1. What residue, among those in the stretch 279-294 that are surrounded by fewer than 21 Cβ atoms within 10 Å (Cβ to Cβ) and more than 17 Å from residue 73 (Cβ to Cβ), is modelled with the highest pLDDT?
2. Return the residues of the stretch 148-158 that are modelled with pLDDT under 90, in contact with a helix residue (DSSP H, G or I) (Cβ under 7 Å, 6 or more places away or on another chain) and surrounded by fewer than 23 Cβ atoms within 10 Å (Cβ to Cβ); say none if nothing qualifies.
3. Report yes if residue 174 is within 18 Å of residue 283 (Cα to Cα) and at pLDDT 70 or above, otherwise no.
4. When only residues in the stretch 214-253 that are more than 22 Å from the chain's Cα centre (by Cα), surrounded by 14 or more Cβ atoms within 10 Å (Cβ to Cβ) and in a helix (DSSP H, G or I) count, which is modelled with the lowest pLDDT?
5. Can you tell me which residue among 184, 188 is within 30 Å of residue 274 (Cβ to Cβ), modelled with pLDDT under 75 and out of contact with any helix residue (DSSP H, G or I) (no Cβ under 9 Å at 6 or more places or on another chain)?
């Protein structure tokens, strides 16, 4: 009887394991590259969709862009937006870094936020978070504190956008009022919608305020996170409410303020014979566009996505070319505002500081 063919000897050599690990990393890197390309294409397609009607209707758009009132709105709006970043967003992040009982100096910590915010325009939409982790270490903040603050900031402002969205729908912000009709104080079914919206808003507030204690408790039950969480104190529901409550409030103020800047641009750019959207509708549109643009993967600062949503909504009020021009005008306002906030942060020294424990 013939001998059975010899089977190749299997070895678990370190070289083989390293090669397999390297192959896995290469495959993961390749998938990330493909995803980045896909998201970049989507972003560029959204921007092209916004820009196209401006180019094809330039003769109608040019007089609107030449209005002095629009130039004033763009310049003053940029300064106002920078102020909103310094007065709402940056202090909100500083406040959230106090999550685990240590307090860094308020002004330098706010400057960290404003100085790093400008790099959100880099592909990937995460560079500003990484920048905070680097600069914040100069102040003595721990990486865990800053990462938690950035995560909670995202939860808080998305919760704020959801609350404004629900309230806006209840107040009829999603409806377009004809140019020859006065907007009603409350639509016929507004009372019923308000009755539904109020419990939804209340639930959103509870979820936003208690999101971190729930996540904290779950993270301590996950193997690879348990060790990392061991050095951090547990966060009670009461302390979470006391910390997240003010942050949620300033984020609501920020979204309303920026939505009013959109309304200002609409008033300054609305052509003769057309009716600008109401302030409530403008704030609602911006909150929805901001939320979707923020969670859109890979879109730098939500570029393209936010403009597409604003254009889509305002087109019902003003026409697509005018809506697209206003959407791009708001992008100019926010980009210049980010640049102004960045410039102001340069006069605030970010160096070694005493982080106090409470």
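1. 280
2. 155
3. Spelling it out, it is not the case that residue 174 is within 18 Å of residue 283 (Cα to Cα) and at pLDDT 70 or above.
4. This residue is 229.
5. Exactly one residue qualifies, and that residue is 188.
The values are calculated or read from the model by the stated rules, or taken from the named source; none is laboratory data. Values in this document were obtained by computation on a predicted structure and should not be read as measured data. Backbone-built Cβ (ideal geometry, glycine too); neighbour counts: all protein chains shown.
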